[in-house]
Amino acid sequence: MFAPAPVIETGDTIRLDAKFVEGMVLHCAEWPGPVSCYLWRGSHSIPFGTEVKADELGFELVLLDAGERPTVQHLDGVDVILASADDERTLSLVDIARNSGARIVYSIEYTLGTRLTILRIDRRGAPLRQLRGALWTLKQERRRRRAFRAADGLQINGYPAEDAYAGMNPNSLTYLDGRVTPDLMATQSDMETRRRRLRSGAPLRLVHSGRLEPMKGAGDLMRVMHALRKSGVEATLDIYGTGSARQSILDELAGFDGSVRLHDPVDFRDVLVDVNRREADIFLSCHPQSDPSCSYLEAMGGGLSVVGYGNHMWRRLAAESGGGLVAPLGDPAALAREIARCDQDRELLIECCDHALAFARKHDFGTEFKRRMAHLRDLGPPV
C-alpha cells in the first residue's frame, strides 16, 4: 500500500493517525498474506494520533522522504499494489509495477474539478501562483488518467470521481467511505426519541463538525444562523472543530445568546457519535467542494438529515438516499430557507432522518471495506 496518511517519527516510536492504524488492522485481517505500507515523511501534527512501535504494528511500515519516488526495489516480492492516486508521487507506480510483475489498483476520491476549486477558494495564493498551480494540476491530471487506463483496477470513493473516472478502467469499483459501523448507528430508541421531540415543536438542533476553513465553507455557518434568526426560526447550532475561521466564529457567538456553541475538536467514536444520535436533528453542511466527505455518511448513520450545499457529491447522495435537502452553492440564505422548511414541516424532516439512516446502514464501513478487499483479491495471480 502507498497511502497519504500522516506520520511523525518520535524517537523509538512512530505517531500515526488512529483511524489509519485501525484501517490497517482490517487490511491485514482481510488480506491472505503479508502487508507492507509506504508513507511519506513530512507531517507536522496529527490531532487524533497514536504512538506505536513499528514492530508492534502487524504490518511492515516503510517511510519515504518527502520528495522520494518509489522504485522497483520497493516492490520486491509484492503481488498487488493499492496506491492512492490523490498523491501524484504514486502515478509512476503503474510503469514500475509492469517491470516487477505486480498488479496495481489505484484509489481516487478528488476530481480535477475539485482540485481546481480548492485552488480557487484558497485565498493565500497570488493570482500568478494560482495560475501556476492550475497548470501543474492539469499536468498531473494527464498523468493520473494515463495511470488509470493502464492499471489493473480502480477503486473510486464517491459519485463525482465515479462520473469522472469509472469509464477509464473496466475493473472499477465505486464505494462510499465512512467510519460508521452498525454498532455506532442510531437505534430505534434514538430515532423515536428524536421523532417525539420534533413533533413537540421544540427548536431544531443543528450540528456541524469538521475543519473550520474558508475552503470548507466554515464562514457560511454563521451566515446561515443570521438568516434563520432574521426569518424567525428558532434553532441551535453546535460546531465541533478548529481552523483559521474559528476566531471569526468566536467573535460572533455573543450575539446569539448561547444558541450557537463552538466546541473543540472531539473524537468521533467517543463523543461525536453520541452527539449525532442524541443531541441533533440536522447536520448543517456549507461544504462547497465535491469531494466525498465522510461527514455525510457519518451524520446519516446517526439518523441525521443533512441540509447542505448542492455540490456534486451531496446533490447525488441526497437524490440516492432521500436523506436531506439541497441548496444552491454559496447561498447561505437558501440553506436557511431549507432549514425553515424542515421547521415548518416536521414530518418531512422525520422522513429525511429515516431515509438517511436506512441508506447509511446499507453502506456501513464493514460492508464497503469488504467489497474493496474482495476487489483486490479477485485480481488473480500476478502476471
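I'd like to know if the stretch 259-282 contains one or more residues that are closer than 22 Å to Thr114 by Cα and not aromatic (Phe, Trp, Tyr).
No; the residues of the stretch 259-282 include none that is closer than 22 Å to Thr114 by Cα and not aromatic (Phe, Trp, Tyr).
Search the stretch 259-280 for residues that are touching a residue at least 24 places away in the same chain (Cβ under 8 Å) and hydroxyl-bearing (Ser, Thr, Tyr) and pair each with any residue that is surrounded by 17 or more Cβ atoms within 10 Å (Cβ to Cβ) and assigned to a helix (DSSP H, G or I) when their beta-carbon atoms are under 7 Å apart and the residues are at least 6 apart or on different chains.
From the stretch 259-280, no pairs qualify.
Conditions tested, residue by residue: (1) in contact with a Pro (Cβ under 9 Å, 6 or more places away or on another chain); (2) among the acidic types (Asp, Glu); (3) surrounded by fewer than 21 Cβ atoms within 10 Å (Cβ to Cβ); (4) under 21 Å from Arg145 (Cβ atoms).
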| position | (1), (2), (3), (4) |
| --- | --- |
| Leu61 | no, no, yes, no |
| Asp65 | no, yes, yes, no |
| Thr71 | no, no, yes, no |
| Thr90 | yes, no, no, yes |
| Tyr106 | no, no, no, yes |
| Tyr110 | yes, no, no, yes |
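Could you tell me whether any residue of the stretch 79-89 is closer than 21 Å to Pro34 by Cα, of a type in the set (Ser, Thr, Tyr) and in contact with a helix residue (DSSP H, G or I) (Cβ under 8 Å, 6 or more places away or on another chain)?
yes
Looking at Leu348, Leu335, which is the one that is buried (at least 21 other Cβ atoms within 10 Å of the Cβ) and either in contact with a helix residue (DSSP H, G or I) (Cβ under 7 Å, 6 or more places away or on another chain) or not β-branched (Val, Ile, Thr) (or both)?
Details: Leu348 fails: buried (at least 21 other Cβ atoms within 10 Å of the Cβ).
Checking each option against the conditions leaves just Leu335.
Take the residues in the stretch 341-383 that are closer than 24 Å to Trp31 by Cα and assigned to a loop (DSSP other than H, G, I, E, B); name whichever of them is farthest from the chain's Cα centre (by Cα). Lay out the reasoning, then the answer.
Here is the first cut: in the stretch 341-383, the ones closer than 24 Å to Trp31 by Cα are 362-383.
When the remaining residues are screened for being assigned to a loop (DSSP other than H, G, I, E, B), the result is 363-364, 378-383.
On the way: His363: 14, Asp364: 14, Asp378: 26, Leu379: 27, Gly380: 30, Pro381: 32, Pro382: 32, Val383: 34 Å.
Filtering first and then ranking leaves Val383.
Output yes when any residue across the stretch 114-135 is closer than 29 Å to Pro214 by Cα, in contact with a Phe, Trp or Tyr (Cβ under 9 Å, 6 or more places away or on another chain), modelled with pLDDT of 95 or more and buried (at least 16 other Cβ atoms within 10 Å of the Cβ), and no when none is.
no
Tally time: how many residues in the stretch 164-190 are in contact with a strand residue (DSSP E or B) (Cβ under 6 Å, 6 or more places away or on another chain), part of a loop (DSSP other than H, G, I, E, B) and open to solvent by 20 Å² or more (accessible area, probe 1.4 Å)?
Of the residues in the stretch 164-190, 2 are in contact with a strand residue (DSSP E or B) (Cβ under 6 Å, 6 or more places away or on another chain), part of a loop (DSSP other than H, G, I, E, B) and open to solvent by 20 Å² or more (accessible area, probe 1.4 Å).
Do you know which of the residues in the stretch 191-231 that are among the small types (Gly, Ala, Ser) and open to solvent by 70 Å² or more (accessible area, probe 1.4 Å) is farthest from Leu304 (Cα to Cα)?
Ser231
Quickly run through the stretch 137-184 and pick out the residues that are among the charged types (D, E, K, R) and over 19 Å from Leu93 (Cα atoms).
Hits for the stretch 137-184 are Glu162, Asp163, Asp177, Arg179, Asp183.
Scan the stretch 7-56 residue by residue and report those that are assigned to a loop (DSSP other than H, G, I, E, B), open to solvent by 40 Å² or more (accessible area, probe 1.4 Å) and within 25 Å of Arg103 (Cα to Cα).
Trp31, Pro32, Pro34
The values are calculated or read from the model by the stated rules, or taken from the named source; none is laboratory data. What you see is a predicted model, and the numbers here were worked out from it, not measured in a lab. Cβ atoms come from the backbone with ideal geometry, glycine included; neighbour counts cover every protein chain shown. Ligands, DNA and RNA are stripped out before the accessible areas are found, and what is left, the full protein with its side chains, is counted by its heavy atoms. Shrake-Rupley method; radii C 1.70, N 1.55, O 1.52, S 1.80 Å.
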